[in-house]
Structures are given as C-alpha cells and as structure tokens.
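Read-outs: derived from the displayed coordinates by stated rules, not from any lab. These numbers come from a predicted model, not from an experiment. We place every Cβ from the backbone using ideal geometry, glycine too, and count neighbours over all the protein chains shown.
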Amino acid sequence: MTGVSTLGQALRQIENLNRQQVQLGTLSTQLATGKKTQSYAGLNVDALTSVRSRTALTSISVYINNIQRADTIMGLTVSAVEEFQQQTEEFSDTLVSFLHEGDHQIGDKVYYDDPATEEVETIIVGNTSGELDTDFGSVIQHSKNLFTFLGELLNTKEGDRFLFAGADGGTQPYNDTGTLEAAVGNLLTDWKSGAITTDELISDLFDRESTTANANAINDATIGYSSSLSNGTAGNVFVRASENSEFKYTALANEDSFRDIMVMLAVMSNEAFPPIVDVYEDGVYPGTPDQKGAPGATADEQKENFYDLFDQMARRVNESIDDIDEVRFRIESVRVQMNETLESHIDQRELLQNTVSEVEDVDTNEVAVRITTLKTQLEASYQVTALTQNLTLANFL
C-alpha cells in the first residue's frame, strides 16, 4: 500500500506554484514591453548581437540627424541664392532696356561756338539740368532698392546662424557701414575729372585686393564684410555624413559673384554716378560746371565714356549671374551626394532594427496564448492545493 506524505505534496505544490508565478510575471512583462527580457543578461548568447546592433543604430541616428539638419540649412541657402539670382536677372533686364541715346537729362542742351574758328559751330558741351529722365531715374532707384534688399539676403539666418558666414556663423557677414559708398564716390569723382581712366576705374572696383600696383582697389572690408570674411579666416562648413565621409557646403557672402553685384549696385546708386554730361545751369560755356558728367571735352565724348562704363557694368552683372548659378549648383550637388548617403543609412537602420527585433522582441500573440495556458495551470494547481489542505485521516479512510 502506497503511503501518503501531505508534507511532501505540499512542498512540491509550493515549488510548482512559485515556478508558475515566476513564469506568469515574466510573460506579463513580455506582453507589456514586447521584449524578451529587461536586461542583456537575459538574452544569453544573443546579447552581443543586440549590443553591437544598438551601438550601430545610435551612430547611424547621429549621422541621419546631421544630414537632415544640414539639408535644411542647404535648402534655405539655395533659396536665398536663387532669390539673389532672380533679382539680379531682373535688374539685368532693366539695364538691357536702358537706351544708349541722349543724355537722359531733363533740360536744354548747352552749345558752344569756338571763337577761334570762322564758321559757326554748334558743339554740344552739356545740359542746363542734372535732373534725370524717367528711364535713368528708374535705373538709379532700382539700384538703390536692390542694394538694400540683396544686403539683407546676404545676412539670411537659420535660427541664430548666418548662412553666408562660413564657419563663423555667429557673426553677421555683411554690414552697410557707408565706407563702400564713400570709396565709390571718390573713384567716380576721380574718373570724371580724368584722374583715372575707365579701365582703371573698373580695376579699382573689382580687383578686390589693394596692392602696390593698385592701391585704390576696393577690398572686402571697405564693402562691409565681416573681419573673418575679409581676412579669409571664416572657414568652411562641413557635415559629417558617415564614419568615412564629410561634405563641405560653404557659401560665403563675399564670393566674387555676390561681391561684384554689390559693388556694381553701389556704383549705379551712388550720387556721383549721374549726370551723363556736364551741367551748366545758366547755359553759359566755358565755365565751371555745376555738376560734372562723364569725362570728355564735349557731350558726345562724355556720353561715349559713360555708356562704355555702363556697358562694362552690365557685362559684369551677366557674368555674376552665371557665377551665382555655379554657387547654387555646387550646393545642390552636395545635397544630392548627401541624400544618397542618407538613403544608405536608412536602409542600414532598417536592417539593424530587424536584427534587434529578432533578438529582443517577442511574439505578443504567442505570449498571450502562453499566459492563458499558464493561468489554467495555476487555477488547477490552486484547486489541488485546496484539496490537499482539506485532506484528513477520516476523509482518507
């Protein structure tokens, strides 16, 4: 006859209940979190795979954030460059439509008859007024408005960062200090007086660096660019796109294309730029002009010299438009390369996330079924325990 040990049954039942309760706790946590375990130790041999995958995911996330941030900045920079280019193209149209005829001054012509000759001459030497006609006045006003607007574009910001300041993004790249206006005014005055030729004037305006051979050349500091841009110490802007790749996407406010446009606008908006021909308000010649026109002894010579300067400035505008397009293309090319890297990162991130999921995640449906099964087992165990507790010698017999 087999003996019955109520103590042994009770101990085995308690051990069984404890084991089932631990399993239930583990399964409940898995169902709530979707993870197999709450520590790497619980993954056993798969722990190393999980750690490596998660480390790689962290690095990729940093690179993705870098690229997305840089792409936002590049997008704003390209928009500013395109606006700069569009406005310059519209101004170029204004210059093209400007007729190279007459002196564009509202007033009467001033004639001169050389007393040293017997014949009566009607040499035009100037005009009685320096007031400009509508066409020339529109060019001057357009220049003034555009000079201010483009200066603001060069100071475009994204948050606290100036987009055209290079690595020195906390410093405003351009300031209209008035030094450019004064320098241009002096050069135009020298040109009108015959102290410098048209070619020398163009050289002074666009050579960029003051040298022994050209001491009067307008430099970047005179234009109003920041010290870091003027000194060439602003530095480049880079984005770290991966462990082995870094992209440069620098666009500086003092690049030749932007700089030349600002100088050209400063010339055409300067008070010393008009009039085209000398002004004698009393109509009497010879005498000291009330306003000096372009260099030349007669109105025809003055107009020829003025339109020569005007045409050279217009050509400079068109060249700058092409150069601006190169700046835009340069940045867009970097964006394309950078986004190719981004797509690669996204693919790698998906693969790593799948690896982590395979190692760490549980099938919640399977867990739910196991919980239901375990619950049934627990209920049965509790019933057995209850029967055991009610077992007496009388009931057993």
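Descriptive notes on the structure:
- Selected residue (criterion: farthest from Val78 (Cα to Cα)) from residues of segment 246-296 that are among the β-branched types (Val, Ile, Thr) and surrounded by fewer than 18 Cβ atoms within 10 Å (Cβ to Cβ): Val284
- Here Thr288 meets each of (1) in contact (Cβ under 8 Å) with a residue 40 or more places away in the chain; (2) among the hydroxyl-bearing types (Ser, Thr, Tyr); (3) outside any helix (DSSP H, G or I) with one exception, condition (1).
- As a summary of the residue check, Asp71 satisfies the conditions (1) loosely packed, with under 13 Cβ neighbours inside 10 Å; (2) in a helix (DSSP H, G or I); (3) acidic (Asp, Glu) except for the one numbered (1).
- Count - residues of segment 110-137 that are under 24 Å from Glu271 (Cβ atoms), outside any strand (DSSP E or B) and touching a strand residue (DSSP E or B) at 6+ places or on another chain (Cβ under 9 Å): 6
- Subset of segment 207-239 that is assigned to a loop (DSSP other than H, G, I, E, B) and crowded, with 18+ Cβ neighbours inside 10 Å - its residue that is nearest to the chain's Cα centre (by Cα): Val237
- Residue that is farthest from the chain's Cα centre (by Cα) [pool: residues in segment 152-163 that are assigned to a loop (DSSP other than H, G, I, E, B) and surrounded by 19 or more Cβ atoms within 10 Å (Cβ to Cβ)]: Thr156
- Asp204 vs. criteria surrounded by 14 or more Cβ atoms within 10 Å (Cβ to Cβ), in contact with a Leu (Cβ under 7 Å, 6 or more places away or on another chain) and in a helix (DSSP H, G or I): yes
- Per-region count, segment 315-356, residues within 28 Å of Glu255 (Cα to Cα), more than 24 Å from the chain's Cα centre (by Cα) and surrounded by 17 or more Cβ atoms within 10 Å (Cβ to Cβ): 1
- Identity of the residue in segment 164-192, touching a residue at least 12 places away in the same chain (Cβ under 8 Å) and among the aliphatic types (A, V, I, L, M), that ends up surrounded by the fewest Cβ atoms within 10 Å (Cβ to Cβ): Ala167
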